[in-house]
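No lab work stands behind these numbers, since they all come straight from the coordinates. Remember, it's a predicted structure, so these values are computed and weren't measured experimentally. In this analysis, Cβ positions are derived from the backbone assuming ideal geometry, glycine residues included, and neighbour counts consider all displayed protein chains.
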């Protein structure tokens with residue numbers, strides 16, 4: 001009876017790894033589609049799943065077949081994670097470029113904004129003598 005319980009627990013643990021793999025596949029699809037808001041939402045669930053797996057994994061020793069399956073699942077999870085990170089790094093670079101362009105525009109407006117205001121005054125007002 002104890003062996004059946006242990007086998008059931010192992011299957012449950014491996015199923016959690018399979019569920020985690022499915023989540024990383026969804027996250028990868030979101031990263032490829034540049035759906036950043038949905039990706040962030042999925043990532044919060046991912047973190048919770050990983051924490052649960054850490055606890056379960058510490059409590060249970062897998063047999064040889066279970067360890068082999070776990071290794072294959074982890075390899076796929078890590079491959080997905082790597083590609084997700086690559087997409088995120090590309091997005092970070094894109095955002096950095098946008099921030100840089102915005103800062104340059106702001107600096108140009110600060111520098112040349114005064115000139116625009118000066119040239120916007122009518123010519124006769126620029127050359128008219130003002131009373132002290």
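A Förster radius of 25 Å combined with the Cβ-Cβ distance from residue 61 to residue 82 puts the calculated FRET efficiency at roughly 0.35. Computed over the range 2-119, relative contact order equals 36 percent, with contacts defined as Cα pairs under 8 Å that lie 6+ residues apart.
Each principal axis of the Cα atoms in the range 2-119 has its own extent, and those three values, largest first, are 89, 20, 19 angstrom. For residue 41 and residue 107, the difference between the fully extended length at 0.36 nm per residue and the C-alpha to C-alpha distance is 20.2 nm.
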